[in-house]
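Report on the following structure.
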Amino acid sequence: MSLNGRWEFKLWSGPAEAPADVMRRDVDVDWDKLEVPGHWVLQGHDRPRYTNTAFPFPIDPPRTPDANPTGDHRRWFDLPDDWPRDGAVLRFEGVDSCFKVWLNGTEVGAAKGSRLPSEFDVGDLLEPGRNLLVVRVHQWSSGSYLEDQDMWWLPGIFRDVTLLSRPLIGDVFVHADYDHLTGAGTVRVDVEPSSAQITIPELGLELRSAETVTIPRVEPWTAEVPRLYDAQVAVDGETVELRIGFRTVAMTDGLLTVNGQPLFFRGVNRHEHDERRGRAITVEAMRQDLVLMKQHNLNAVRTAHYPPHPAFLDLCDELGLWVIDECDIETHGFIYTDWRGNPADDPDWAPMMLDRMRRMVERDKNHPSVIVWSLANESHRGRNFGMLAEWTRERDPGRAVFYERDRSYEFSDFYSLMYTPLEDLEAIGTRTEDVPPETEDDPELETRRRGLPFLLAEYAHAMGNGPGGLADYQRILERYPRLQGGFVWEWIDHGLLLPGATDHVYGGDFGERVHGANFCIDGLLFPDRTPSPGLAEYKKVIEPVRITGPDPLTIHNLRTFASLDDLEFVWSEEVDGEEVDAGRLEVPEVQAGSTADLRSPVEMHAPVRRRVDVAPDGERWLTVRAVLAKDEAWAAAGHEVAWAQFRLDGGSAEDRRGAPSPAQPERVVPGGVQPERAVASVVQEQVVPGGGGERIVSGGGGERIVLGVGEFERSTGRLVRLGGIEVDGPELDLWRAPTDNDCGQGGRNGVVGEWRAAGLDRLLHRVDRVEVGERELLVQTRVAPDGLGAGVRATYRWTLHDALRLTVDVEPEGEWSGMAVTPRCGSWPRVGVRMVVPSNLDTVRWFGGGPGEAYADSREAARVGRYTSTVDDLQTPYVVPQENGSRIDVRWAELTDAQGNGLRVEGAPHFQLTARRWTTEDLERARHRSDLTPRDHVYLNLDLAQNGLGSASCGPPATPQHTLEPGPYTFTLTFHQFGRSPEHAVGRSDA
Ligand code: IPT
């Protein structure tokens, strides 16, 4: 019987204030109402609190502060008439952090261990008819010292409460192995009491407890094909339903294997989070998480950093994910005592730690998806971990054991690190990594450690805009067998919506003195479970099928077990983004780990077939996509799993998109090179002869200059009109609204410090010369910050051809990357121009990379095509506003109003496009989404390049390859005005 629902509730400031007689039916309390499961701090009582590592109370283990919010919960329930008389158990799936229970006035017991189940025998206390259950929950307890995970502190009865009748079956432990050499399955089920009958109907099996039976042929369970067999365990009066998955986990030749095959994790760290419900997450939200993971090619979850709601693991069994199940232990806050008093190394804490490990293993041991037990997160070293590992291995020899933070790895089956730089990862791959201090004096332990497989427990910190560098990581992870994959940090932003609020809160929003700010807004999903661009990128980077080509087209099956029979391969040929031909590919069976070569469906360098109305010299692309051939539990037929694009017309830039290593061509124009090398290829001169539009006319009073459709301010050389459209001229822009990854973690690794020191956030423009020539306007400027000597010379050369062409020449002066600027400024946020246009130009069409946002080191998911959006939809709504929304490799873009009037910008060949209703400065100032108010204009950034994103908010910055170095650059953009006939085409000046 579920006891979830609306309970009575009363919050006290601490145990001292809470009434001693709360268990009495007639206690004098003015009860409020509270939804259970739920956290009182998310239902209008007190406030949630976020810290990353700091304990929000003095570190004095095991003591708690007097100010210990205490919530009394009370629920009346009617016992059904047919409720069996003999025996009942009251079960709590999770209560944060410590609670005491009374039933009908009698104390039943108390428990700790927030993300673990607790059961109480209550059979003799139940009464016919009305019963009263009272639960007192304290926010802080000795348990809190073991629960310092990087997340909101959310007290309460946050998981289900159930009354179970007559549980007669005490324990069930399924051991179901798979022999990959013979295809046989072996099953043994240990049950208390041993009199139980076990049946697996589909296999026609009936067995007794502890009996081992071998089945000559079974279908194994893997995350790729999650085959489950229903089973029942029955005693007279009770039946337990089970789902058995046959699989064998082993450490073989220094690798983690399942069913004989080394695994490769394309993983993510998942906290339980719901923007309104906190960790009182619903089964629908759990399913949504898993469906999204499957749809985005993920195959593994680390349940960071505690055992999840049990239904989550049922879903993992069913949908197919490898799970590292992590115990509810993290003592991170002891870094502030330099680990003095850390429970991990204190025998007094051993029973409590072991209790947590046992409760997790006992609860989750029958899930085939769980293949690794994790002892804890971020709790330093200690003897207690040895005890936990030993108990676990003995109780369950059928799984591996993991712990990352003890750098001797004495108790772990894996070597593991977090946020590892690429060079270090490469060294680990080749087993040439440095000896950690922890094993320096112990050659035996060091030999053991070096023999272990490696898991990247956390990487690619997905805070704000990012992570950058996923593809770089993947290339290394896939290259070395020792590297068995990684887990991105993390799945979902922990932004919370408090009752009535429309904006997400994070640390510091309540004026707390100690908080972790927005460090928990670091997920691949936004708080409302909308995928962020980072997830789209991850999906592409970890696709389990790679397509290289174009002739032959090679299909690589990167799966571990399954063939590609569930997929269908379709292709299309596009010219300038328009489909001209399409079809299906005949793909033979491709077994896991192998490849198949196919003839390209289109002829290379051949004239376009079928359609004659497309430009013969247009860009020709072949797109090949692998899609689901039939419906799966997690996606419908047609769902795209993998894709690749190949340029067919022999064009230069970006001629193979979506294909894997070898390294992609260098994307960011490297700094420090000669201008010629940095110049994007210059469009052929093509002066339109005769007629209006090509002459330059000085305006009356010398205030305006007209060049074709362009009208410029005489004194500044700024473009003010493009035909009928009022604009404010493109001007050099080197700044962007710093991303979390630009800022780095606590000033470490971040680039913003040096950007600001170099004055990039306060550049001033000075016009030195405006020179009007024949069909040409030259504007020379110097752009520099106050107080500093370094700057850049920016020269704008406008020329009139069939349209208005702008070439911007950027020449640094003084030393940007040398010694003269203090500190050294090693990168620029962007190189491009910004420009203001009317707000009604709100439809954006472009040909280039899309559909989503992309940056130099997060661009694998962008494919070349034609896209339409609105200015509003181009924004990525990061919880903490920051630079976002860039579209990459844009050949041309058009901004139009509702009547179809607008302007068109062309690159030579490409530019990076950003358009928004607020300025970069607005974006930089905003701390929450609601701080952004649309202005009356649209602000465009047309960039040659931007600096990569990196993941320095907790990890390495953008690699040198993706770093936009200060240096000389030249780029060209062409502007057209279209629609309403341009009034200025004849060169008339308004002025
Ligand atoms: C690492 C933690 O394990 C994780 O909980 C989270 O805090 C993450 O960092 C950053 O968001 S710990 C860090 C010292 C690498």
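The values are calculated or read from the model by the stated rules, or taken from the named source; none is laboratory data. Note that the structure is a prediction, hence the values are computed from the model and not measured. Glycine also receives a Cβ, built like all others from the backbone with ideal geometry; neighbour counts cover every protein chain displayed.
Structure notes:
- Residues satisfying the stated conditions in the stretch 773-799, i.e. modelled with pLDDT of 95 or more and of a type in the set (A, V, I, L, M): Leu777, Leu778, Val779, Val783, Ala784, Val792, Ala794
- The one condition from (1) away from the ligand (no atom under 16 Å from the Cβ); (2) in a loop (DSSP other than H, G, I, E, B) that Met387 does not meet is (2).
- Taken as a whole, the structure leaves Gly967 outside the set of residues that are more than 21 Å from Gly495 (Cα to Cα), within 16 Å of the ligand (Cβ to nearest atom), in contact with a helix residue (DSSP H, G or I) (Cβ under 9 Å, 6 or more places away or on another chain) and in the same structural domain as Thr807 (by TED's automatic domain parsing).
- Count of the stretch 901-935 residues which are part of a loop (DSSP other than H, G, I, E, B), under 30 Å from Arg805 (Cβ atoms) and of a type in the set (A, V, I, L, M, F, W, C): 1
- Test: residue in the stretch 20-27 that is crowded, with 18+ Cβ neighbours inside 10 Å, modelled with pLDDT of 95 or more and more than 33 Å from the chain's Cα centre (by Cα): yes
- Candidates Thr252, Thr239, Thr199, Thr257 - the one that is in contact (Cβ under 8 Å) with a residue 12 or more places away in the chain and β-branched (Val, Ile, Thr): Thr199
- Test: residue in the stretch 862-873 that is out of contact with any strand residue (DSSP E or B) (no Cβ under 8 Å at 6 or more places or on another chain) and not hydrophobic (A, V, I, L, M, F, W, C): yes
- Set Gly113, Gly14: member being surrounded by 16 or more Cβ atoms within 10 Å (Cβ to Cβ), touching a residue at least 40 places away in the same chain (Cβ under 8 Å), under 33 Å from the mean Cα position of the chain (by Cα) and closer than 30 Å to Asn518 by Cα: Gly113
- Selection of first residues in the stretch 719-743 that are hydroxyl-bearing (Ser, Thr, Tyr) and of second residues that are surrounded by fewer than 24 Cβ atoms within 10 Å (Cβ to Cβ), restricted to Cβ pairs under 6 Å at least 6 apart or on distinct chains, gives the following pairs, ordered by first then second residue: Thr739/Gln882.
- Put simply, of Tyr403, Tyr459 the only residue that is closer than 28 Å to Arg356 by Cα, free of Cβ contacts under 8 Å to residues at least 40 places away in the same chain and within 14 Å of the ligand (Cβ to nearest atom) is Tyr403.
- Within the stretch 455-498, tally of residues that are on the phi < 0 side of the Ramachandran plot, assigned to a loop (DSSP other than H, G, I, E, B) and under 13 Å from the mean Cα position of the chain (by Cα): 11
- Selection status of Lys365, charged (D, E, K, R), more than 16 Å from the ligand (Cβ to nearest atom) and farther than 19 Å from Val172 by Cα: no
- Looking only at residues in the stretch 146-180 that are in a loop (DSSP other than H, G, I, E, B), within 34 Å of the chain's Cα centre (by Cα) and over 30 Å from Ser194 (Cβ atoms), the one that is nearest to the ligand (Cβ to nearest atom) is Asp150.
- Within the stretch 480-502, residues that are in the same structural domain as Glu404 (by TED's automatic domain parsing) sit with their Cβ atoms under 7 Å from residues that are among the charged types (D, E, K, R) and part of a strand (DSSP E or B), at 6+ positions apart or across chains, in these pairs: Gly485/Arg266; Phe487/Arg302; Phe487/Glu458; Trp489/Glu458.
- Looking across Val41, Val29, Val22, one residue alone is touching a Lys or Arg at 6+ places or on another chain (Cβ under 7 Å), among the aliphatic types (A, V, I, L, M) and assigned to a helix (DSSP H, G or I). It is Val41.
- Qualifying residue in the stretch 423-444 (condition: within 16 Å of the ligand (Cβ to nearest atom) and crowded, with 17+ Cβ neighbours inside 10 Å): yes
- Selection count, the stretch 46-65, where residues are in contact with a His (Cβ under 9 Å, 6 or more places away or on another chain) and away from the ligand (no atom under 16 Å from the Cβ): 2
Residue-wise test of (1) touching a helix residue (DSSP H, G or I) at 6+ places or on another chain (Cβ under 9 Å); (2) outside the structural domain of Val361 (by TED's automatic domain parsing); (3) assigned to a loop (DSSP other than H, G, I, E, B).
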site	(1), (2), (3)
Arg91	no, yes, no
Lys100	no, yes, no
Gly109	no, yes, no
Glu119	no, yes, no
Asn131	yes, yes, no
Trp140	no, yes, yes
Thr182	no, yes, yes
Ser194	no, yes, yes
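- Pairs meeting the criteria (first residue in the stretch 153-175 and without any contact (Cβ under 8 Å) to a residue 40 or more places away in the chain, second residue surrounded by fewer than 24 Cβ atoms within 10 Å (Cβ to Cβ), beta carbons under 9 Å, at least 6 apart or on different chains) are Gly170/Val191; Gly170/Glu192; Gly170/Pro193.
- The stretch 282-335, residues that are more than 24 Å from Pro220 (Cα to Cα) and in a strand (DSSP E or B): Glu326, Glu330
- Strands (runs of 3 or more DSSP E) contained entirely in the stretch 616-732, each with at least 1 residues that are modelled with pLDDT of 50 or more: 620-628, 640-647, 704-707, 710-713, 719-722
- Filter result for the condition that a residue is within 16 Å of the ligand (Cβ to nearest atom), of a type in the set (D, E, K, R) and in contact with an Asp or Glu (Cβ under 8 Å, 6 or more places away or on another chain), over Arg136, Arg115: Arg115
- Identity of the residue in the stretch 504-536, of a type in the set (Gly, Ala, Ser) and under 16 Å from Leu470 (Cα atoms), that ends up nearest to the ligand (Cβ to nearest atom): Gly523
- Filtered by the rule that a residue be among the hydrophobic types (A, V, I, L, M, F, W, C) and either surrounded by fewer than 24 Cβ atoms within 10 Å (Cβ to Cβ) or modelled with pLDDT under 95 (or both), the stretch 372-391 gives Val372, Met387, Ala389, Trp391.
- Residues satisfying the stated conditions in the stretch 517-545, i.e. part of a loop (DSSP other than H, G, I, E, B) and touching a Phe, Trp or Tyr at 6+ places or on another chain (Cβ under 9 Å): Ala517, Asn518, Phe519, Cys520, Ile521, Asp522, Gly523, Leu524, Phe526, Ser532, Glu543
- Assessment of the stretch 872-884 against the conditions (in the same structural domain as Met835 (by TED's automatic domain parsing), at pLDDT 95 or above and in a strand (DSSP E or B)) yields no matching residue.
- Number of the condition not met by Gly341 [criteria: (1) part of a loop (DSSP other than H, G, I, E, B); (2) within 16 Å of the ligand (Cβ to nearest atom)]: (2)
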